[in-house]
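Below is one structure, written out as structure tokens, with a few remarks after it.
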């Protein structure tokens, strides 16, 4: 029961935060309260990876605090193990922190375990370039570019199902 009540309060706060007429200080106050609610939710259910993910996302996008976001996600991974979304957010956080090797490891974990979206190859190419791994960066960039070219060819073909209405 308490968990459902907290989720309701979180939902209400998110609605308030999305209000365009709020001042920056009001939004900050609501986001601080949101973090407190996520902490309570995690206390009730330490394996609720959504609570960790939402808390980390709040740190990332509301406070621009990628260190706290990474720490939150690391805790979630310790509790719940591999999860694609957690590892993608972890890679984003590490990249913002300049921890490119860690970002690359997190991204490699997703590529190893998932059906790979070719966007990930573009992101991995960028990380490899930042780390000076130029042959790996070039290989990943070629995969990414080939995917983009194939997608563009579909849009260029008037008989492709993308154009069916």
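The values are calculated or read from the model by the stated rules, or taken from the named source; none is laboratory data. From a predicted model like this one, the values you see are computed outputs, not experimental measurements. Reconstructed Cβ throughout: ideal geometry from the backbone, glycine too, with neighbour counts over all protein chains shown.
List of remarks:
- Subset of segment 106-156 that is in a loop (DSSP other than H, G, I, E, B) and either on the phi > 0 side of the Ramachandran plot or modelled with pLDDT under 90 (or both) - its residue that is surrounded by the fewest Cβ atoms within 10 Å (Cβ to Cβ): 115
- Options 13, 34: the member that is modelled with pLDDT of 95 or more and outside any loop (DSSP other than H, G, I, E, B): 34
- Considered as a group, the residues in segment 79-105 that are surrounded by fewer than 16 Cβ atoms within 10 Å (Cβ to Cβ) and modelled with pLDDT of 95 or more include one that is nearest to residue 67 (Cα to Cα), and that residue is 97.
- Filter result for residue 55 (without any contact (Cβ under 8 Å) to a residue 24 or more places away in the chain and touching a helix residue (DSSP H, G or I) at 6+ places or on another chain (Cβ under 8 Å)): yes
- Verdict on residue 30 being under 22 Å from residue 17 (Cβ atoms) and exposed (fewer than 14 other Cβ atoms within 10 Å of the Cβ): no
- If you go through segment 47-78 and keep only what is exposed (fewer than 15 other Cβ atoms within 10 Å of the Cβ) and outside any helix (DSSP H, G or I), you end up with 47, 63, 64.
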